[in-house]
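Quick notes on the structure that follows.
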Amino acid sequence: MDHALRVLWPLAISICVGVLAGERPHAQPALPANAPGAGPRTAISSANPTSTTPAPRSPTVESRASTELPRVRLSAQASHIDVGLRFGVWRQADAEKLTAAQASTVPDHVFTRPAGNNLGLINHAVWVRIRLQPDPDAPGPLVLELGRPIWTHAQAFLVIEGKDGAPAQGVEPAPLKRLYDQRHTAFKLPRVTTPSTLLLRLEQHEAIAPVVRLWQPSAYEARTHHDALVQGLFFGLLLALLLYNGALFLSSRDPAYAAYVLWQAGTMLYLAAVTGIGQLYVWPGQYAIQALLPVTASLLMCAGGLFFVRIYLLLAQRLPYADLALALLQWFCVALALVRLIPGTTWILLPSLLLIAISAVAITLTAALRTRHQFVPAGILLVSSVLMLASGFATLGRSAGLFPENVWTTDAFEWVAVLLALLLSFGLSIRIAQMRERTLRLQALTMQDPLTGLNNRTGLFDAGSKALERTHRSGATLAVLWLDLDGLKRINDVFGHAAGDALIQAAAQRIEAAAGRDAVCARLGGDEFAVLLPNLPSPRLAEDLAAHLLERLRAPYVLQGLHGQPLRSSASIGIASDDPASPCPLETLMLRADTAMYRAKSQGRDTYVIWTEAHAQGEGEQTPLFQFTRPAIWPSNSP
């Protein structure tokens, strides 16, 4: 546990500091002296590319200046072409106001080449320039794909170059047609036969990471089919787990299943928002909804996860302070999700990422604390939380501009979300089994005599009532034998209570062995026992058992700690049988058997007496009546 704390706290602190430092300034390359707008710390104005304004500091990763951007060769031999870092970015705030025609005239040295594909958090649109160089066997139309499925705004233009690399005279940049029949952001690129330039205008509320690929149409179609299969598998598994646990909630009414359903609903909403599945199938064309959902759904997913963990780990009973802390985080997430619905609250991204990071660490630490109680579901949650921390922080770091865009920072969370749903659904079943086992143990303790292991008074009424009901249905006889050990007080006085307890245990073993498996044996306290004999074809069998019990209990007891000295005891037994023609309740049979037992004591002990109507006058005079009444706490559905 201490090792886990030493590992997780530095990780949490480093992530939080990194998120808070999400915008990092870096220098922009200076324009040459003969370029329009040259001068110290200048930028090109959106209205007039030759005018100058003070250049703001860029929040992007470290970049290197280049007088000319490298060209991407277009070959018909490759199924797809990764542009990689062979592009330039114009990040100045004024650049977003330019048209494509104006941006196409800006020289290459104004566009900086990034050191990584994640440009960081930029609160305005940027222009990305890619130079294309077709081979002689130039391929036909291509598909231009951006790495991120969802962008706030994305436009693409093709610029035909003249001989000097500048835009051809009289040719306007041609906007590329957006392809809306797949989840990724993609454009149709016509056949390029001469050196050309791709211009991309990109805007994203999260970090901007232009991962650009050019695909052959046939290869892209195959890729989209494979991607649709994988996404269908992911969402199908999540939906199946949601419906399965929802059905378990309806049957068991366990709030943990309801919390699991709410958490998985938030997870599916978030994944639908960030993978493009929602925009493609659920809310097509609703760009306002799509702009709100990534942050809002991530906060709702986090709130659902915190709510689930609180119930799943039984924190209110076991760790109330941890439950309070997670409850506060949960409601903070809900509050931020509601704030995000207000227009103009894009600033909420960094606080949301920080809150989600803190919540993930809090869940992991709470699971680690709960494992100290030998709660197996907590161990499953701890393993799941480590995976969640790794993939979740990678995704948060990418969104904050700290990590590059790659498979681990974009797609891994989806895999982990499915694995997490499977593991915790399994953990729920273990949790229910463990709680049921604990309940049965507690129930057994309330219905079992701790000294002998026989039924106590509560257990006698529970098992005896069922046995009496079965006996009445079969038309047979049920008999009750009430036993009292003779001479136990003398043994306690002479040899001590330890010897008396050992004799009671030995007598209980003899009674249980003689009565048989169908009988219900119980110790009612002190030296008194009861034996219920169901489904007897004749009351005579109860007398035979009583005689056999007297013989067994009369035999000497050799107990440990007495140096081989035998102890002797006997029993007085009262018998009461149920008449099938006029059945009576169990309480009445026990009262009659007790009355007959005291008649046996008055006749000299070490014998048995059968209850008759003549004994009715003295019923209940010897033993307190509470022995023959049902316990106040009665198990309604005992297994």
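One residue is enough: does segment 472-479 have a residue meeting the conditions of a type in the set (Gly, Ala, Ser), open to solvent by 10 Å² or more (accessible area, probe 1.4 Å) and on the phi > 0 side of the Ramachandran plot?
Looking for residues that are of a type in the set (Gly, Ala, Ser), open to solvent by 10 Å² or more (accessible area, probe 1.4 Å) and on the phi > 0 side of the Ramachandran plot, one finds at least one in segment 472-479, hence yes.
For segment 551-572, a residue qualifies if it is among the aliphatic types (A, V, I, L, M) and either open to solvent by 70 Å² or more (accessible area, probe 1.4 Å) or under 60 Å from the mean Cα position of the chain (by Cα) (or both), and the qualifying residues are LEU553, VAL558, LEU559, LEU562, ALA571.
Being among the hydroxyl-bearing types (Ser, Thr, Tyr), open to solvent by 40 Å² or more (accessible area, probe 1.4 Å) and touching a residue at least 24 places away in the same chain (Cβ under 8 Å), is that true of even one residue in segment 355-369? Walk me through it before giving the result.
Filtering segment 355-369 for residues among the hydroxyl-bearing types (Ser, Thr, Tyr) gives 359, 364, 366.
Filter again for open to solvent by 40 Å² or more (accessible area, probe 1.4 Å), leaving none.
Within segment 355-369, none of the residues are among the hydroxyl-bearing types (Ser, Thr, Tyr), open to solvent by 40 Å² or more (accessible area, probe 1.4 Å) and touching a residue at least 24 places away in the same chain (Cβ under 8 Å).
For segment 573-582, the criterion of a residue being open to solvent by 70 Å² or more (accessible area, probe 1.4 Å), more than 27 Å from ASP501 (Cβ to Cβ) and not small (Gly, Ala, Ser) is satisfied by at least one position. Selection over segment 71-94 of residues that are part of a strand (DSSP E or B), β-branched (Val, Ile, Thr) and within 19 Å of GLN216 (Cα to Cα) gives a count of 2.
Taking segment 204-219 as the range and being open to solvent by 40 Å² or more (accessible area, probe 1.4 Å) and assigned to a loop (DSSP other than H, G, I, E, B) as the test, only HIS205 passes.
Just one of the listed residues (PRO255, PRO284) is in contact with a helix residue (DSSP H, G or I) (Cβ under 7 Å, 6 or more places away or on another chain), surrounded by fewer than 19 Cβ atoms within 10 Å (Cβ to Cβ) and in the same structural domain as ALA362 (by the TED database), namely PRO255. Just one residue in the set ARG540, ARG554 is of a type outside the set (Phe, Trp, Tyr) and in contact (Cβ under 8 Å) with a residue 40 or more places away in the chain; that residue is ARG554.
Filtering LEU349, LEU300 for residues that are of a type in the set (A, V, I, L, M, F, W, C) and more than 21 Å from LEU424 (Cβ to Cβ) leaves a single hit, LEU349. Here LEU549, LEU567 are screened, and the one residue that is assigned by the TED database to the domain that holds LEU478, closer than 21 Å to GLY464 by Cβ and touching a residue at least 40 places away in the same chain (Cβ under 8 Å) is LEU549. On inspection, ALA222 does not qualify as outside the structural domain of ARG86 (by the TED database) and either over 24 Å from VAL143 (Cβ atoms) or assigned to a strand (DSSP E or B) (or both). As a summary of the residue check, HIS373 satisfies the conditions (1) assigned to a helix (DSSP H, G or I); (2) farther than 30 Å from ALA209 by Cα except for the one numbered (1).
The values are calculated or read from the model by the stated rules, or taken from the named source; none is laboratory data. These figures come from a predicted structure and were not determined experimentally. Using ideal geometry, Cβ is built from the backbone for each residue, glycine included, and neighbour counts are taken over all protein chains shown. Calculation scope for accessible area: heavy atoms of the full protein, side chains included, ligands and nucleic acids excluded. Shrake-Rupley method; radii C 1.70, N 1.55, O 1.52, S 1.80 Å.
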